[in-house]
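Peer 1: Take a look at this one; I'll ask things after.
The values are calculated or read from the model by the stated rules, or taken from the named source; none is laboratory data. Predicted model only: the values in this text are computed from it and were never measured. Please note: Cβ atoms are built from the backbone with ideal geometry, for glycine as well, and neighbour counts cover all protein chains shown.
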Amino acid sequence: MLAEPAPSLSDLALGLVVVVLALRLGRAPGPHRHWRTAFWWVGIAALAGSVHHGLIKHSERWSGPSWALISGMVVVAVSYLLAATVAEVLGPRHGRTFWLLRSIGIVAYTVLAVTGHAGVGALLACESLTMVCILALWGWAAWHRHPMAGPVIVALVASAAAAATKAIDPSVTRRVALDPTSVYHLAQIVGMVLLYLAVTKPRRPDRPDREPRALLR
């Protein structure tokens, strides 16, 4: 019997959808390879989350390490989202910019760890700083009329809205036989589908594919 049926099954649904999208991205010629890798890590993390909620939650011993491992997968996925964003917005040769922005979340977590506040929750909170950097880059791209900016921002906002559903009072979600975590998983499917559509949208012929460095001129 599943320990947490609704979160387990909703995470399974999210994982399967994102894995299918990752497979489709592998056959699409336009998107940068980092997008595909990010989708794979999100899908794997969701599938692992399904196992965590369904089976591993039965074990007090392994529940903590399991959640820490899944959180690490999320960190890797966010890293690839940032890498894809830097490549699309600034150009593929801006590795230093990627590491500069990536270090924001890492340094923040290091400070928390040194002050005795380390933990999975703190790690994920610090990753939100990286997501802010991603949104800021796409906001800058939108200002310069990057063709991908609008759709990507809509997708990221949808994902952020999905995350906000975890704060919904359980008495509200109980009306539809779900809990906030399950609602988050299902809502996140919308965000990932929108992101897939954004990165696979045909590029305008008057803008060379993946030449975002023109924004810096």
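Peer 1: List the helices (runs of 4 or more DSSP H) inside region 139-208, counting only whole elements, that have at least 3 residues being within 22 Å of Leu129 (Cα to Cα). Write out each step before concluding.
Peer 2: Values: elements: 149-164, 170-173, 180-200.
Correct list: 149-164, 180-200.
Peer 1: Here's something else I'd like to know. Quick check on Leu25: is it surrounded by fewer than 22 Cβ atoms within 10 Å (Cβ to Cβ), part of a helix (DSSP H, G or I) and either among the polar types (S, T, N, Q) or touching a helix residue (DSSP H, G or I) at 6+ places or on another chain (Cβ under 6 Å) (or both)?
Peer 2: yes
Condition check ((1) of a type outside the set (D, E, K, R); (2) over 17 Å from the mean Cα position of the chain (by Cα); (3) at pLDDT below 85; (4) within 30 Å of Gly30 (Cα to Cα)) across all residues:
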position: His53; (1), (2), (3), (4): yes, yes, no, no
position: His58; (1), (2), (3), (4): yes, yes, no, no
position: Trp67; (1), (2), (3), (4): yes, no, no, no
position: Val75; (1), (2), (3), (4): yes, no, no, yes
position: Arg93; (1), (2), (3), (4): no, yes, yes, yes
position: Ile106; (1), (2), (3), (4): yes, no, yes, no
position: Leu112; (1), (2), (3), (4): yes, yes, yes, no
position: His117; (1), (2), (3), (4): yes, yes, yes, no
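Peer 1: Is it the case that some residue within region 56-64 is of a type in the set (Asp, Glu) and either on the phi > 0 side of the Ramachandran plot or crowded, with 19+ Cβ neighbours inside 10 Å (or both)?
Peer 2: no
Peer 1: Right, here's the next one. Give me a count of the residues in region 134-187 that are in contact with a helix residue (DSSP H, G or I) (Cβ under 6 Å, 6 or more places away or on another chain) and among the charged types (D, E, K, R).
Peer 2: 2
Peer 1: Would you please name the residue that is farthest from Trp140 (Cα to Cα), looking only at residues in region 83-126 that are among the hydroxyl-bearing types (Ser, Thr, Tyr) and in a helix (DSSP H, G or I)?
Peer 2: Checking each candidate, the answer is Thr110.
Peer 1: Looking at (1) assigned to a helix (DSSP H, G or I); (2) more than 20 Å from Leu135 (Cβ to Cβ), which is the only condition His34 fails?
Peer 2: (2)
Peer 1: Within the set of pairs 6+ apart or on separate chains, which have a first residue in region 158-183 that is among the acidic types (Asp, Glu), a second that is surrounded by 14 or more Cβ atoms within 10 Å (Cβ to Cβ) and assigned to a helix (DSSP H, G or I), and C-beta atoms under 6 Å apart?
Peer 2: Asp179/Ala6; Asp179/Thr173
Peer 1: Also, quick follow-up: So, of the residues in region 139-162 that are among the small types (Gly, Ala, Ser) and modelled with pLDDT under 95, which turns out to be nearest to Met192 (Cα to Cα)? First the steps, then the outcome.
Peer 2: As a first pass, look at region 139-162 and keep what is among the small types (Gly, Ala, Ser): 139, 141-142, 149-150, 155, 158-162.
With modelled with pLDDT under 95 added as a condition, the list becomes 159-162.
Details: Ser159: 7, Ala160: 11, Ala161: 12, Ala162: 10 Å.
The residue in question is Ser159.
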